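*Asks:* What follows is a single structure, and I will ask about it in a moment.
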Amino acid sequence: MEAPVSSSGGFKLYDQLELQEFEDKFVIRAVESPDQGFSIGLRDGDVEPFDGDPCFGSPSKVSTIYGVVGTIRLLAGTYFLVITSRKEVGSYLGFPVFRVMSMKFLSCNDALRFSTSEEKRDEAYFMTLLKTVESTVGLYYSYETDITLNLQRRCKLAEGWTSKPTWKQADPRFVWNRNIMEELIECKLDRFIIPLLQGSFQTAQLKLKKSPATITLISRRCTRRLGTRMWRRGANLEGDTANFIETEQLLEFEGFKTSFLQVRGSIPLLWEQIVDLSYKPRLRIINHEQTSEVVERHFHDLSQRYGEVIAVDLTDKHGDEGELSKAYADEMQKLPNMRYISFDFHQNCGGSNFDNLQILYDQVSDEFDNQGYFLVDAEGEMLEEQKGIIRSNCIDCLDRTNVTQNYFAQKSLNAQLQRIGVLSSTECIAMFGEDYEIFKTLWVEQGDEISLEYSGTHALKRDLVKYGKQTMSGLIKDGMSAISRYYLNNFQDGIRQDAIDLISGRYTVNRNSPSPFQLNGFESFSYLPIASALLIGGLTLTSFTLNQAGRNMQRCVSTVFWAGLTAGVTAVVKINGRQFCSRPRLCRLL
């Protein structure tokens, strides 16, 4: 079978598929080549490729899908995930890019009727997790090129690499569905395998001096330590960090292409912040004999991939954050030839003093200029290379990090536009109002998207990026997002973390292993309803008896009793706060 190719000569995936449902199997065919496809048995979940035009009879249902994401085997059989709707959101280096709008798991679980009652209960919970996976946000892909590789790396690969199957081209760090593609890979279904990138993709047209240019912002989320805000903090023993994201700012102008890379990631120590119903849970540094090795592994990997690293730490220098920041600084002193900058963002930029980021820039400007950016001309000749990278972090690596990365990106964009002759040496992007608004909007929307993926809400401090100061409406929106984060972190993210661990392969379902859902004590409660019912019930009875008390001593005693009981329940809930929160149940934290 000849592999389909795109107009540029690279490998091309089938972009529209027909899903046929039969009594004993699902059949998936390429619309443009109906004799190419595969079947999945409903009884055993086995994948069977076909090359030709086998006759399966008349299907009971036919529908259109836009890609097969992968397969996963649970207790009672196989489930395969398909893309049911998509949206074209722009292009990357001339190739159309799509966002996944909806996905659906199709079930091949005939074995469920032979399962025990416990296995059926467990399977029901696993299916709940699959429903959560279906609503995963921020997934992007292209049928004609790989979007997980940045421009500089693409240009350095050997000639002919684009003719390889897309999944072989991709950087495995940034392939969201890497774990569930395995069965399709084993069956050599290369033209059906779509590597999905989770992150953000934003693109827009600029009209600087009536010279049209395309600017693209693409963020790539690493899959090595995927998770939710409170349940994935710090690093694992291999040096992989939570919320690690590579962000590429790409500019295309009259054949020139420039690329500027930055990365973010959680502080690469072993630490946690377990939810316990408090608004800001305590940070805890985990003392471990391999802590120094973890930090060294993390920065060695960055150096190998990106060159010289400047670590910019934006955390506060007091309280729990201060202790974590100090531990980070102490470890960084042990690494030779590694630049570490501690910049208290809240102290320096509080009160909407966004321009004070110039203080940070002044500290790294020489190294920043030396690191540069990547530039290639219309003939593909490399004129500049980016020789290093800035690694930024705050606690979540979301809000403060977004603002800071935007600032560095703006500095780099000015240098790029001056280098290719669009701007003079005295001009900058901020002098062009309409284009500057477009640039800032891209960064705001990017920040929102990666915040939704990690915390479940839009980013905070959006106004600092868009307007350079906080507005009243922005403060209100930040307050609403903060409340939403509190609710999600305490009462929803445990299930979301389980779903991530299941789909990423961190947890593997095994019929011979004990059920992960056999819980004891408080953990068997339905978290939020129990806590809420106890507190609201006590407060209601207290208020009722207080209103009825008057001079009636008996009712006064009842009021005191119910008030005391409510206070006692409140104390119990507070002391056992962790037990009333939604917790992941499939994997340990590290």
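*Asks:* Can you pull out the residues in the stretch 199-251 that are small (Gly, Ala, Ser) and either in contact with a Pro (Cβ under 6 Å, 6 or more places away or on another chain) or closer than 22 Å to residue 306 by Cβ (or both)?
*Replies:* 199, 200, 219, 234, 235, 239, 242
*Asks:* Shifting gears a bit: Which of the residues spanning the stretch 71-84 are under 14 Å from residue 194 (Cα atoms) and hydroxyl-bearing (Ser, Thr, Tyr)?
*Replies:* 71, 84
*Asks:* So residue 259 clears everything in (1) at pLDDT below 95; (2) outside any loop (DSSP other than H, G, I, E, B) except one condition, right? Which one?
*Replies:* (1)
*Asks:* So, one more: Determine which member of the set 337, 370 is out of contact with any Phe, Trp or Tyr (no Cβ under 7 Å at 6 or more places or on another chain), in a loop (DSSP other than H, G, I, E, B) and either of a type outside the set (Gly, Ala, Ser) or within 24 Å of residue 298 (Cα to Cα) (or both). Let's see the steps before the verdict.
*Replies:* Values: 370 fails: in a loop (DSSP other than H, G, I, E, B).
Criteria check complete, one pass: 337.
*Asks:* Now for a separate question. Out of the stretch 196-220, which residues are open to solvent by 10 Å² or more (accessible area, probe 1.4 Å) and not in a strand (DSSP E or B)?
*Replies:* 209, 210
*Asks:* Residue under question is residue 277, and the condition is that it be open to solvent by less than 10 Å² (accessible area, probe 1.4 Å), more than 22 Å from the chain's Cα centre (by Cα), closer than 25 Å to residue 489 by Cα and touching a residue at least 12 places away in the same chain (Cβ under 8 Å); does it hold? Write out each step before concluding.
*Replies:* On the way: open to solvent by less than 10 Å² (accessible area, probe 1.4 Å): no; more than 22 Å from the chain's Cα centre (by Cα): yes; closer than 25 Å to residue 489 by Cα: yes; touching a residue at least 12 places away in the same chain (Cβ under 8 Å): yes.
In short, no.
*Asks:* Looking at (1) open to solvent by 40 Å² or more (accessible area, probe 1.4 Å); (2) outside any loop (DSSP other than H, G, I, E, B); (3) farther than 30 Å from residue 232 by Cβ; (4) not aliphatic (A, V, I, L, M), which is the only condition residue 380 fails?
*Replies:* (2)
*Asks:* Follow-up question, since we're still on this one. Assigned to a helix (DSSP H, G or I) and under 30 Å from residue 411 (Cβ atoms): does that describe residue 299?
*Replies:* Criteria met by residue 299.
*Asks:* Residues that are free of Cβ contacts under 8 Å to residues at least 24 places away in the same chain and buried (at least 18 other Cβ atoms within 10 Å of the Cβ): does the stretch 51-65 have at least one?
*Replies:* There is no residue in the stretch 51-65 that is free of Cβ contacts under 8 Å to residues at least 24 places away in the same chain and buried (at least 18 other Cβ atoms within 10 Å of the Cβ).
*Asks:* Identify all residues within the stretch 307-331 that are open to solvent by less than 20 Å² (accessible area, probe 1.4 Å) and closer than 19 Å to residue 238 by Cβ; write none if there are none.
*Replies:* Of everything in the stretch 307-331, those that are open to solvent by less than 20 Å² (accessible area, probe 1.4 Å) and closer than 19 Å to residue 238 by Cβ turn out to be 309, 311, 328.
*Asks:* Between a first residue in the stretch 399-418 that is without any contact (Cβ under 8 Å) to a residue 40 or more places away in the chain and farther than 22 Å from residue 448 by Cβ and a second residue that is of a type outside the set (S, T, N, Q) and assigned to a helix (DSSP H, G or I), which pairs have beta carbons less than 7 Å apart while being 6 or more apart in sequence or on different chains?
*Replies:* Pairs that qualify, where the first residue is without any contact (Cβ under 8 Å) to a residue 40 or more places away in the chain and farther than 22 Å from residue 448 by Cβ and the partner is of a type outside the set (S, T, N, Q) and assigned to a helix (DSSP H, G or I), are 414/429.
*Asks:* Which one of these does residue 187 not meet: (1) touching a Gly at 6+ places or on another chain (Cβ under 8 Å); (2) open to solvent by 10 Å² or more (accessible area, probe 1.4 Å); (3) not basic (Lys, Arg)?
*Replies:* The single condition residue 187 does not satisfy is (1).
*Asks:* Name every residue in the stretch 110-134 that is open to solvent by 30 Å² or more (accessible area, probe 1.4 Å), touching a residue at least 60 places away in the same chain (Cβ under 8 Å) and touching a Phe, Trp or Tyr at 6+ places or on another chain (Cβ under 8 Å), in order of residue number.
*Replies:* Once the filter is applied, which keeps residues that are open to solvent by 30 Å² or more (accessible area, probe 1.4 Å), touching a residue at least 60 places away in the same chain (Cβ under 8 Å) and touching a Phe, Trp or Tyr at 6+ places or on another chain (Cβ under 8 Å), the stretch 110-134 yields 121, 125.
*Asks:* Another question, if that's okay. Of 424, 412, 455, 451, which residue is over 20 Å from residue 360 (Cβ atoms) and over 16 Å from the mean Cα position of the chain (by Cα)?
*Replies:* 424
The values are calculated or read from the model by the stated rules, or taken from the named source; none is laboratory data. This is a predicted model, so every value here is computed, not measured. In this analysis, Cβ positions are derived from the backbone assuming ideal geometry, glycine residues included, and neighbour counts consider all displayed protein chains. Heavy atoms of the whole protein, side chains included, go into the accessibility calculation; ligands, DNA and RNA do not. Shrake-Rupley method; radii C 1.70, N 1.55, O 1.52, S 1.80 Å.
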